[in-house]
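Here the structure is laid out as C-alpha coordinates; the discussion comes afterwards.
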Amino acid sequence: MAATTAMVAGCGGMRAGQIVAARSSVPAAGSPSTPTPTPTPPPPRAIDCARTPCVALTFDDGPGEHTGRLLDDLRREGARATFFLLGQNVAPHRDLVRRMALEGHEVANHSWSHPQLTGMSPDAVRSQVRRTNEAVREASGMTPTLFRPPYGATDGKVARAVGMPQIMWSVDTLDWRDRSAARVARIGVREPGKGGIVLLHDIHRTTVEAVPRMLSGLKKRGFTLVTVSEMFHGKQLRPGHKYKNR
Ligand SMILES: [Zn+2]
(Lines give C-alpha, C1' and ligand atoms only; values in the text may rest on other atoms or scores of the structure.)
Protein backbone atom coordinates (compact mmCIF):
# COMPACT_ATOMS: atom_id res chain seq x y z
CA MET A 1 0.00 0.00 0.00
CA ALA A 2 1.36 3.41 -0.89
CA ALA A 3 1.91 6.18 1.59
CA THR A 4 -1.09 8.45 1.79
CA THR A 5 -1.43 12.13 2.43
CA ALA A 6 -4.10 12.62 5.03
CA MET A 7 -5.72 16.01 5.48
CA VAL A 8 -7.71 15.75 8.65
CA ALA A 9 -10.72 18.00 8.90
CA GLY A 10 -12.41 18.42 12.24
CA CYS A 11 -15.91 19.79 12.47
CA GLY A 12 -14.37 23.07 13.52
CA GLY A 13 -12.02 23.40 10.58
CA MET A 14 -8.89 21.99 9.04
CA ARG A 15 -5.89 20.62 10.87
CA ALA A 16 -2.41 20.59 9.43
CA GLY A 17 -1.81 17.90 6.84
CA GLN A 18 0.39 14.99 7.70
CA ILE A 19 2.17 12.33 5.73
CA VAL A 20 1.24 8.91 6.98
CA ALA A 21 3.25 5.86 5.98
CA ALA A 22 1.34 2.62 5.66
CA ARG A 23 2.18 -0.03 8.23
CA SER A 24 4.56 -2.71 7.05
CA SER A 25 3.30 -6.23 7.58
CA VAL A 26 6.54 -8.03 6.73
CA PRO A 27 6.93 -11.02 9.10
CA ALA A 28 10.16 -11.57 11.03
CA ALA A 29 12.78 -13.57 9.16
CA GLY A 30 12.17 -17.28 9.40
CA SER A 31 8.68 -17.00 10.87
CA PRO A 32 5.71 -18.13 8.80
CA SER A 33 3.46 -15.42 7.45
CA THR A 34 0.29 -15.64 9.50
CA PRO A 35 -2.81 -13.84 8.31
CA THR A 36 -4.39 -11.39 10.72
CA PRO A 37 -7.22 -13.27 12.43
CA THR A 38 -10.66 -11.73 12.18
CA PRO A 39 -11.56 -10.17 15.53
CA THR A 40 -14.47 -11.66 17.37
CA PRO A 41 -16.41 -8.83 18.99
CA PRO A 42 -18.34 -9.58 22.16
CA PRO A 43 -21.99 -10.49 21.65
CA PRO A 44 -24.61 -7.72 21.81
CA ARG A 45 -25.70 -6.94 25.34
CA ALA A 46 -29.25 -7.56 26.49
CA ILE A 47 -30.10 -3.94 27.23
CA ASP A 48 -33.61 -2.72 26.44
CA CYS A 49 -33.29 1.04 25.98
CA ALA A 50 -37.10 1.29 25.72
CA ARG A 51 -37.17 0.51 29.46
CA THR A 52 -33.68 1.29 30.70
CA PRO A 53 -32.40 4.90 30.54
CA CYS A 54 -29.65 4.82 27.91
CA VAL A 55 -27.27 7.40 26.49
CA ALA A 56 -25.05 6.93 23.43
CA LEU A 57 -21.72 8.76 23.38
CA THR A 58 -20.48 9.27 19.82
CA PHE A 59 -16.95 10.26 18.85
CA ASP A 60 -16.35 11.76 15.40
CA ASP A 61 -13.39 12.45 13.10
CA GLY A 62 -10.92 9.90 14.52
CA PRO A 63 -9.17 7.78 15.27
CA GLY A 64 -6.45 10.10 16.52
CA GLU A 65 -3.58 10.31 18.94
CA HIS A 66 -5.85 10.41 22.03
CA THR A 67 -8.16 7.55 21.05
CA GLY A 68 -6.16 4.83 22.81
CA ARG A 69 -6.51 6.60 26.14
CA LEU A 70 -10.24 7.01 25.51
CA LEU A 71 -10.58 3.27 24.87
CA ASP A 72 -8.76 2.59 28.17
CA ASP A 73 -11.23 4.82 30.04
CA LEU A 74 -14.27 3.25 28.39
CA ARG A 75 -13.03 -0.26 29.15
CA ARG A 76 -12.36 0.58 32.77
CA GLU A 77 -15.98 1.73 33.19
CA GLY A 78 -17.58 -1.00 31.06
CA ALA A 79 -19.03 1.68 28.77
CA ARG A 80 -19.56 1.23 25.05
CA ALA A 81 -19.51 4.04 22.50
CA THR A 82 -19.84 4.67 18.79
CA PHE A 83 -16.98 5.93 16.65
CA PHE A 84 -17.86 7.79 13.45
CA LEU A 85 -14.56 7.25 11.69
CA LEU A 86 -12.97 9.11 8.82
CA GLY A 87 -11.85 6.59 6.21
CA GLN A 88 -8.56 8.40 5.68
CA ASN A 89 -7.70 7.99 9.38
CA VAL A 90 -8.36 4.25 9.48
CA ALA A 91 -5.20 2.87 7.83
CA PRO A 92 -2.83 4.88 10.07
CA HIS A 93 -4.72 3.60 13.14
CA ARG A 94 -5.71 0.07 12.15
CA ASP A 95 -4.95 -1.36 15.59
CA LEU A 96 -7.24 1.18 17.28
CA VAL A 97 -10.10 0.43 14.89
CA ARG A 98 -9.62 -3.26 15.49
CA ARG A 99 -9.58 -2.70 19.22
CA MET A 100 -12.82 -0.69 19.06
CA ALA A 101 -14.59 -3.62 17.44
CA LEU A 102 -13.04 -6.18 19.78
CA GLU A 103 -14.10 -4.22 22.86
CA GLY A 104 -17.73 -3.96 21.78
CA HIS A 105 -17.78 -0.42 20.44
CA GLU A 106 -19.56 0.43 17.24
CA VAL A 107 -17.45 1.41 14.23
CA ALA A 108 -19.43 3.72 11.97
CA ASN A 109 -18.89 5.86 8.88
CA HIS A 110 -18.25 9.63 8.86
CA SER A 111 -17.09 9.85 5.21
CA TRP A 112 -13.55 9.47 3.86
CA SER A 113 -12.23 13.03 4.12
CA HIS A 114 -14.92 15.12 5.88
CA PRO A 115 -16.23 17.11 2.90
CA GLN A 116 -19.50 19.00 2.87
CA LEU A 117 -21.60 16.40 1.02
CA THR A 118 -24.40 18.73 -0.02
CA GLY A 119 -23.51 20.00 -3.46
CA MET A 120 -21.33 16.99 -4.31
CA SER A 121 -22.33 14.60 -7.07
CA PRO A 122 -24.08 11.39 -5.99
CA ASP A 123 -21.12 9.42 -7.35
CA ALA A 124 -18.68 11.41 -5.22
CA VAL A 125 -20.86 10.90 -2.12
CA ARG A 126 -21.10 7.18 -2.80
CA SER A 127 -17.32 6.99 -3.15
CA GLN A 128 -16.84 8.73 0.24
CA VAL A 129 -19.13 6.19 1.87
CA ARG A 130 -17.92 3.06 0.07
CA ARG A 131 -14.19 3.65 0.55
CA THR A 132 -14.68 4.25 4.26
CA ASN A 133 -16.80 1.14 4.73
CA GLU A 134 -14.12 -0.89 2.95
CA ALA A 135 -11.29 0.59 5.05
CA VAL A 136 -13.15 -0.13 8.31
CA ARG A 137 -13.97 -3.66 7.23
CA GLU A 138 -10.38 -4.29 6.21
CA ALA A 139 -9.10 -3.02 9.57
CA SER A 140 -11.66 -4.52 11.92
CA GLY A 141 -13.66 -7.22 10.15
CA MET A 142 -16.79 -5.15 10.86
CA THR A 143 -18.69 -3.23 8.20
CA PRO A 144 -20.34 0.00 9.36
CA THR A 145 -24.13 0.12 9.18
CA LEU A 146 -24.53 3.74 10.33
CA PHE A 147 -23.46 7.03 8.76
CA ARG A 148 -23.05 10.56 10.09
CA PRO A 149 -22.70 13.34 7.52
CA PRO A 150 -19.79 15.76 8.16
CA TYR A 151 -21.04 19.02 9.74
CA GLY A 152 -24.47 17.33 9.91
CA ALA A 153 -24.93 18.65 6.37
CA THR A 154 -27.31 16.51 4.38
CA ASP A 155 -30.32 16.72 2.10
CA GLY A 156 -32.50 14.37 0.09
CA LYS A 157 -29.92 13.88 -2.62
CA VAL A 158 -27.18 13.06 -0.11
CA ALA A 159 -29.50 10.74 1.80
CA ARG A 160 -30.26 8.72 -1.34
CA ALA A 161 -26.59 8.49 -2.30
CA VAL A 162 -25.49 7.48 1.23
CA GLY A 163 -28.04 4.69 1.46
CA MET A 164 -27.45 4.16 5.19
CA PRO A 165 -29.32 5.47 8.27
CA GLN A 166 -28.00 8.96 9.13
CA ILE A 167 -27.29 9.36 12.83
CA MET A 168 -27.41 12.93 14.08
CA TRP A 169 -27.33 13.98 17.78
CA SER A 170 -29.51 15.44 20.53
CA VAL A 171 -26.67 17.01 22.56
CA ASP A 172 -23.88 19.05 20.97
CA THR A 173 -21.04 19.54 23.47
CA LEU A 174 -19.30 22.06 21.13
CA ASP A 175 -16.10 20.39 22.28
CA TRP A 176 -14.25 21.33 19.07
CA ARG A 177 -14.92 25.02 19.76
CA ASP A 178 -14.41 25.35 23.49
CA ARG A 179 -11.52 22.91 24.05
CA SER A 180 -12.40 22.85 27.75
CA ALA A 181 -12.59 19.48 29.50
CA ALA A 182 -14.59 21.00 32.38
CA ARG A 183 -17.19 22.46 30.03
CA VAL A 184 -17.48 19.31 27.93
CA ALA A 185 -17.93 17.23 31.07
CA ARG A 186 -20.57 19.62 32.43
CA ILE A 187 -22.64 19.60 29.23
CA GLY A 188 -22.10 15.90 28.68
CA VAL A 189 -23.38 14.99 32.13
CA ARG A 190 -26.25 17.50 32.49
CA GLU A 191 -27.87 17.69 29.08
CA PRO A 192 -28.53 14.16 27.82
CA GLY A 193 -32.01 12.79 28.37
CA LYS A 194 -33.23 9.22 28.03
CA GLY A 195 -32.31 7.95 24.57
CA GLY A 196 -29.95 10.86 23.95
CA ILE A 197 -27.06 10.88 21.48
CA VAL A 198 -24.07 13.03 22.46
CA LEU A 199 -21.75 14.54 19.85
CA LEU A 200 -18.03 14.50 20.75
CA HIS A 201 -14.69 14.44 18.91
CA ASP A 202 -11.94 12.13 20.12
CA ILE A 203 -9.29 14.04 18.13
CA HIS A 204 -9.25 16.66 20.91
CA ARG A 205 -7.28 16.00 24.09
CA THR A 206 -9.68 18.08 26.16
CA THR A 207 -12.60 15.91 25.05
CA VAL A 208 -10.84 12.69 26.00
CA GLU A 209 -9.91 14.26 29.35
CA ALA A 210 -13.59 14.97 30.00
CA VAL A 211 -14.73 11.41 29.44
CA PRO A 212 -14.02 9.87 32.89
CA ARG A 213 -16.12 12.63 34.53
CA MET A 214 -18.86 12.14 31.94
CA LEU A 215 -18.95 8.40 32.51
CA SER A 216 -19.24 8.67 36.28
CA GLY A 217 -21.72 11.57 36.10
CA LEU A 218 -24.01 9.82 33.63
CA LYS A 219 -23.86 6.62 35.66
CA LYS A 220 -24.85 8.58 38.76
CA ARG A 221 -27.85 9.89 36.81
CA GLY A 222 -28.82 6.26 36.17
CA PHE A 223 -27.84 5.96 32.52
CA THR A 224 -26.38 2.93 30.80
CA LEU A 225 -23.84 3.89 28.12
CA VAL A 226 -24.59 2.06 24.91
CA THR A 227 -23.69 2.05 21.25
CA VAL A 228 -26.10 3.64 18.79
CA SER A 229 -27.16 0.23 17.48
CA GLU A 230 -27.78 -0.99 21.04
CA MET A 231 -29.83 2.16 21.61
CA PHE A 232 -32.08 1.45 18.63
CA HIS A 233 -32.30 -2.30 19.16
CA GLY A 234 -35.84 -3.39 18.31
CA LYS A 235 -36.42 -0.33 16.11
CA GLN A 236 -35.98 -0.47 12.37
CA LEU A 237 -33.48 2.13 11.13
CA ARG A 238 -34.20 3.02 7.52
CA PRO A 239 -31.59 3.94 4.90
CA GLY A 240 -31.36 7.67 4.30
CA HIS A 241 -33.52 8.60 7.30
CA LYS A 242 -32.17 10.88 10.02
CA TYR A 243 -32.19 9.95 13.72
CA LYS A 244 -31.21 12.27 16.55
CA ASN A 245 -32.31 10.23 19.55
CA ARG A 246 -34.22 7.08 20.33
ZN1 LIG B 1 -16.94 15.52 11.86
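The values are calculated or read from the model by the stated rules, or taken from the named source; none is laboratory data. Only a predicted model underlies this, so the values are computations on that prediction, with no experimental measurement involved. Glycine also receives a Cβ, built like all others from the backbone with ideal geometry; neighbour counts cover every protein chain displayed.
Miscellaneous remarks
- Test for ILE167: is it free of Cβ contacts under 8 Å to residues at least 24 places away in the same chain and among the aliphatic types (A, V, I, L, M): no
- The single condition from (1) touching a residue at least 12 places away in the same chain (Cβ under 8 Å); (2) within 18 Å of PHE83 (Cβ to Cβ); (3) outside any helix (DSSP H, G or I); (4) away from the ligand (no atom under 16 Å from the Cβ) that GLY222 fails is (2).
- Any hit, segment 65-86, residues being more than 25 Å from ALA210 (Cα to Cα) and at pLDDT 50 or above: no
- Qualifying residue in segment 173-187 (condition: part of a helix (DSSP H, G or I), under 19 Å from PRO239 (Cβ atoms) and in contact (Cβ under 8 Å) with a residue 40 or more places away in the chain): no
- Some residue of segment 74-81 being crowded, with 24+ Cβ neighbours inside 10 Å and over 22 Å from ASN245 (Cα atoms): no
- Hey, VAL129 closer than 19 Å to HIS241 by Cα, at pLDDT 95 or above, in contact with a Phe, Trp or Tyr (Cβ under 7 Å, 6 or more places away or on another chain) and surrounded by 17 or more Cβ atoms within 10 Å (Cβ to Cβ) or not: yes
- Scan of segment 128-155 for residues that are away from the ligand (no atom under 12 Å from the Cβ), part of a loop (DSSP other than H, G, I, E, B) and without any contact (Cβ under 8 Å) to a residue 60 or more places away in the chain, ordered by number: THR143, PRO144, ASP155
- The condition (being among the aliphatic types (A, V, I, L, M), touching a residue at least 24 places away in the same chain (Cβ under 8 Å) and in contact with an Asp or Glu (Cβ under 6 Å, 6 or more places away or on another chain)) is satisfied by just one residue among LEU57, LEU70, LEU102, LEU96: LEU70.
- Residue check, ALA181 surrounded by fewer than 18 Cβ atoms within 10 Å (Cβ to Cβ), at pLDDT 95 or above, out of contact with any strand residue (DSSP E or B) (no Cβ under 9 Å at 6 or more places or on another chain) and among the aliphatic types (A, V, I, L, M): no
- Enumeration of residues in segment 218-246 that are farther than 18 Å from GLU106 by Cα and polar (S, T, N, Q): none
- Under the condition of being touching a residue at least 24 places away in the same chain (Cβ under 8 Å) and surrounded by fewer than 21 Cβ atoms within 10 Å (Cβ to Cβ), the residues counted in segment 191-215 number 8.
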